[in-house]
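One structure below.
Computed from the coordinates by the stated procedures, all read-outs in this text should not be read as laboratory data. Keep in mind it's a predicted model, so treat the numbers as computed, not measured. Positions of Cβ are backbone-derived with ideal geometry, glycine not excepted, and every protein chain shown enters the neighbour counts.
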Amino acid sequence: MPSKLAIYPGTFDPLTNGHVSLIRRACEIFDHVLVAVAVDTHKNPLFSAEERLEMIKETFRDEPAVSAEIFKGLLVNFAAEKKAHVIVRGLRAVSDFEYEFQLALMNRKLKRKIQTIFLMTDYQWLYISSTIIKSAASLGGNVMELVPAAVEKRLTEKYREPGPAAALS
């Protein structure tokens, strides 16, 4: 891996255009951005870690400065294992800051040499989140302009599959 490696962690369930924008902007600062797909999360993901990884790899297949891997356990341990000294975190609003600040301080306590850098999302993506996108897509909403093509395709397939809601109607 190049000398200026940054880790961008998240659940990416699913990857949004806000995530994509942030990853590309991080590539302007760092030699390489490793998108780290979290397995150990309190969230109940729609997509498996492998599916999330595939969507990220497909989205960035022509961008050699971006790679993606699944990680388990503590983020700072994964970052240290990859010899990354920077964790990139995205902020949409002031409400994100308190939680992200606490995470950054805990990570700093655990691994002093690993820094956290916050990037604000582009204003056009302020209102979107993976949760909102899943909710809209599950009700038949068009999310095509909010997610990469690979994600939109998978969301359409996922919500077309018969599930508990279909059995009730």
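Computed values, structure above
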{"quantity": "Phi to ³J(HN,Hα) by Karplus 6.51 cos²θ - 1.76 cosθ + 1.60 over region 15-21, Hz, x for Gly, Pro", "calculated": "4, 10, 5, x, 4, 4, 4"}
{"quantity": "Unit charges at the beta carbon, dipole of the chain: most positive-side option, Ala65, Asn17, Val143", "calculated": "Ala65"}
{"quantity": "Value of [θ]222 nm, deg cm²/dmol, for the chain, DSSP H segments ≥ 4, -39500 (n - 2.57) each, nearest 500", "calculated": "-12500 deg cm²/dmol"}
{"quantity": "Rounded to the nearest 20 debye, dipole of region 5-161 from Cβ charges on Lys, Arg, Asp, Glu", "calculated": "560 debye"}
